[in-house]
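What follows is one structure encoded as structure tokens, with my remarks underneath.
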Amino acid sequence: MAYIVDLGDCSESDLPTVGGKAGKLGELVRQGLPVPPGFVITTSAYQLFVDSTPLKHEIPSALASIKADQPATVEAAAQRIRGAFESTPFPADLRSTLAEAYESFARKHSVRFCAVRSSATAEDLEGASFAGLQETYLNVTGTENVLDSVRKCWGSLFTPRVLVYRQRKGFDHSQVQLAVLVQKMVDATVSGILFTRDPNTGENHMIVEAALGLGEAVVGGEVTPDHYVVDGATLKPVHKQISEQKVQVRRAEEGGNVRENVAASQRKVQKLPDHRLQRLVSLARVIESHYRRPMDIEWCGDADSLYIVQARPVTTIPTSTIPGAGGERGVNKGSAAKEEEGPILRGFGASPGVAMGMARILRGAGEMDKLKPGEVLVTTMTTPDMVPAMSQASAIVTDEGGMTCHAAIVSRELGVPCVVGTREATTVITDGLEVTVDGKTGTVYKGLRHRTAGGAPAAAAPAAAVPAASGVSHHEGVPVTATKIYVNVGVPEKAEEYARLPVSGVGLLRIEFIFTAHVRDHPLALLKRGKKDELVRRLSDGIGKVCQAFHPRPVIIRTSDFKTNEYRGMPGGEEFEPSEENPMIGWRGCSRYISPVFKPAFLCELEAIHHVRTEMGLKNAMVMLPFVRNTWELEEITEMMRAQGLRRSRDFQLYLMAEVPSTVLLSREFSKHCDGFSIGSNDLTQLVLGADRDSETLGRMGYFDERDPAVERAISLLIEGAHAEGRTVGICGQGPSVYPEFAEFLVREGIDSISLNADTVLSTIRTIASLEQRMKLEGLRQRT
């Protein structure tokens, strides 16, 4: 058996021997592309090492100890296996072969430092990239260090993340092997990644990111790389975002890596000059042509040359990759058409659709009166008290924020195209400038770009795919699902429109939106001025409007969940709201209701709901409590509700938002106090992963993802515990409509209901119906 293969002799057909990474790089070497020289320690060497040592029995024994419902057993098994790999000596003959191969390679290519890289047989595959899951060791020097790094790479085949990921992707642990690629280390002055197609939209743009030094500082979140967008047809840059870089990772003199400060004169320069950018995208074109599919490429460069160090298929391209074909969320067809000029801004596409109009820059809620209906709202970041203006805007553009920020959530519920996180909208856009906003691609163009046949600007339409008139005929052909589908409602003015959707009711009516749209003032400020009756009347009018539109279908009203920083921005709020360092996990949700300071305002919310149910006769009004931390606060709150005439019964249900991990871990105990749960996937993801949902940096790095195994495990625990007590579980986040695989996970776990933004209802119903039918067929097949 061959234990050593030159990288130039590898190809994709050798995947069982050299792994995915080495196989693809070997093909690039044969194409004459600049790849650092190297050799591969094959899977045969790995298998010999395992079969000739106690690992042969240790690995299956450790894997057998894993219990699917006990994550701690995965961690324990992983530590046990990795420890065994690192402490087990090489068989003498194998050690001699590997040492000789490295030393010969080092002499031939004048290698002092090398990279020791994992190349698994289930890696860089279409649909399962395993990106970053196995270990790589950089700037390794000397035979002993190289051999130690090889064993560590082999052991990284059994990290907890890899074990969970393989299980999710359906790979058999016993059938996966690991080759190790040893390459000459490039003394990188610049490095980064390149996508030959936009991985979010599938459009024909190359996305390039570049940072000084090695890529570790970027991966670790210490550095924001430059971001370049290159037209895939002309290979001309259409957008550059130059980031300030204060630190970089470089090679240490004696091996390993060291962090160092970037000279002040170099911090704000373009990290990859135009001539090198042109060279890089030309190389990428060759790679994409060879593989005939969109590719994710890692690259680096020294003072003289650029090198390709990895190439794998892009696994996240949307099903529809035709520009203008509309979004996967069922929005208006069309992104911005081909233009004479590129976009003036790029950010996160937070709410799909295309709209245009005159830009109006607002510096805060106090300037809302400046915005006229149909104008584009441009601001640093929206706040809850800006909802009235947001509902009138044709589109929204912000400097800050990520996919779960206030602007993103509200705009999706309003059906207004939105781009967030542009960083410089309020400085690039001047007040009164005509702009076109593409909420699907996250781009903003100068001028009114979409025109009718007569040359006049097309009307700016909301993005939500909601019928324009009533009647069931609009929903003929919409399949029926076992999973109940609800709709989220932001402002009451949208209720009649959304009520025409084929949904079971309202899964989430945020009462704070009624505060901002109908009440405007801080509730305690109104109470201080003796305006309790006015407060209750305004709340009940807004709630009643929604309940009337959907009657007799249930409307689940989530009581207020403003954070202190949001409440402070309301008129009169500064007097009552403290300043908190981290309001996201501060005085919010149920903790407010039992506080002597805020309790009078909460009682007004309950009085308004009771008024809707009794005086208006709308018994379809139900209650949901947000950000529940423990059961003793629930006991006090339910006592307050009973005093207001809101007692759990056959026609009045109480639901809890499942956002805090304690609710998940003690779901059976919490079930004794409610009729069901609704998963708040944004907050649950934030608190399970410790990833600030508003952090642009973490969002760009991929940390905030409700599909993470830990979040999915939390959801499974909740469903299991709630169902054991006869309670229902729903979800009211956007995840099921954005990620079909997440929707499939929820349905397979037994989720009872999914509440969606209006623009995604019809497309998600079809997705879920198709999934349920497939599951039914799978069940029939298993019984035959």
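Odds and ends about this structure:
- In terms of the mean number of neighbouring beta-carbon atoms within 10 Å, the peptides 77-90, 255-268, 616-629 order highest first as 616-629, 77-90, 255-268.
- Bridgeable aspartates and glutamates around Lys236 (alpha carbons under 18 Å apart, same-chain partners fewer than 8 residues away excluded): Asp198, Glu203, Glu209, Asp226, Asp274, Glu288, Glu339, Glu340, Glu341.
- 24 Å Cα-Cα threshold exceeded, pairs from Lys494/Lys619; Lys531/Lys599; Lys240/Lys440; Lys484/Lys619; Lys440/Lys484; Lys372/Lys446: Lys440/Lys484
- Farthest positive-ward along the stretch 245-304 dipole, Cα basis, beta-carbon charges - from Tyr291, Gln245, Ala303: Gln245
- Stokes-Einstein D in µm²/s, Kirkwood radius over Cα pairs - the chain at 25 °C with 0.890 mPa s viscosity: 86 µm²/s
- Inter-probe distance in nm under a simple model that places probes 7 Å from Cα toward Cβ, at Gln79 and Arg276: 4.3 nm
- Screening the chain for whole DSSP H helices of 20 Å or more along their axis (Cα) with average Kyte-Doolittle hydropathy at least 0.5 returns 709-724.
- Distance from the stretch 693-769 to the stretch 567-646 (C-alpha centre basis), Å: 26 Å
- If you take all other residues with their beta carbon under 13 Å from the beta carbon of Ile396, and give Lys and Arg +1 and Asp and Glu -1, the sum is -3.
- The share of Cα pairs per 5 Å bin across the stretch 635-784, counted from zero up to the longest distance, runs 2, 9, 16, 18, 18, 16, 11, 6, 3, 1, 0, 0 percent.
- Bridge type composition, the chain - antiparallel percent by DSSP, nearest 5: 65 percent
- The local environment of Val281, defined by Cβ-Cβ distances under 11 Å, has a net charge of +1 under the rule Lys, Arg +1 and Asp, Glu -1.
- Accessible-area composition of the chain, carbon plus sulfur, in percent [1.4 Å probe]: 49 percent
- Amide H contacts of Gln310 (H built 1.01 Å from N, in plane; Pro and chain starts excluded): Glu298 sit under 5 Å, all sequence-distant by 5 or more or on other chains.
- Only helices enter this figure: runs of n ≥ 4 DSSP H residues, each worth -39500 (n - 2.57), summed and divided by the residues of the chain, yield -10500 deg cm²/dmol at 222 nm to the nearest 500.
- Derived scalar couplings ³J(HN,Hα) [the stretch 654-665; Karplus, 6.51 cos²θ - 1.76 cosθ + 1.60; whole Hz; x for Gly, Pro]: 10, 10, 10, 6, 9, 10, 9, x, 4, 5, 6, 5
- With the simple spin-label model, which puts each label point 7 Å out from Cα in the Cβ direction, the Glu778 to Asp533 separation comes to 6.0 nm.
- Segment Ser662-Asp6, length gained on full extension (0.36 nm per residue, minus Cα span): 230.8 nm
- Eligible aspartates and glutamates near Lys776 by straight Cα distance, threshold 16 Å, same-chain separation 8 or greater: Glu744, Glu749
- Here the stretch 1-30 and the stretch 343-395 have alpha carbon centers that stand 52 Å from each other.
- Charge dipole of the chain about the Cα centre (unit charges at C-beta), most positive-ward option of Ser110, Ile81, Pro502: Pro502
- Debye, to nearest 20: dipole size of the stretch 529-599, +1 on Lys, Arg Cβ, -1 on Asp, Glu Cβ: 400 debye
- Which of Asp651, Asp399 is most accessible, then next, and so on - probe 1.4 Å: Asp651, Asp399
- Taking θ as phi - 60° and the Karplus parameters 6.51, -1.76 and 1.60, the scalar couplings of the stretch 557-574 work out to 9, 7, 5, 4, 9, 5, 8, 4, 5, 6, 5, 4, x, 7, x, x, x, 4 Hz in sequence order, x denoting glycine and proline.
- Rolling a 1.4 angstrom probe over the protein heavy atoms with all chains in place gives the chain an accessible area of 40 Å² per residue.
- Around the amide H of Gly353, modelled in the peptide plane, lie the amide H atoms of Gly439, Lys440, all under 5 Å away and 5 or more residues distant in sequence or on another chain.
The values are calculated or read from the model by the stated rules, or taken from the named source; none is laboratory data. In this text the structure is predicted, and so the values were computed from the model without any measurement. Here the Cβ is made from the backbone with ideal geometry for all residues, glycine too, and neighbour counts use every protein chain on show. For accessibility, only protein heavy atoms count, side chains too; no ligands or nucleic acids. Shrake-Rupley method; radii C 1.70, N 1.55, O 1.52, S 1.80 Å.
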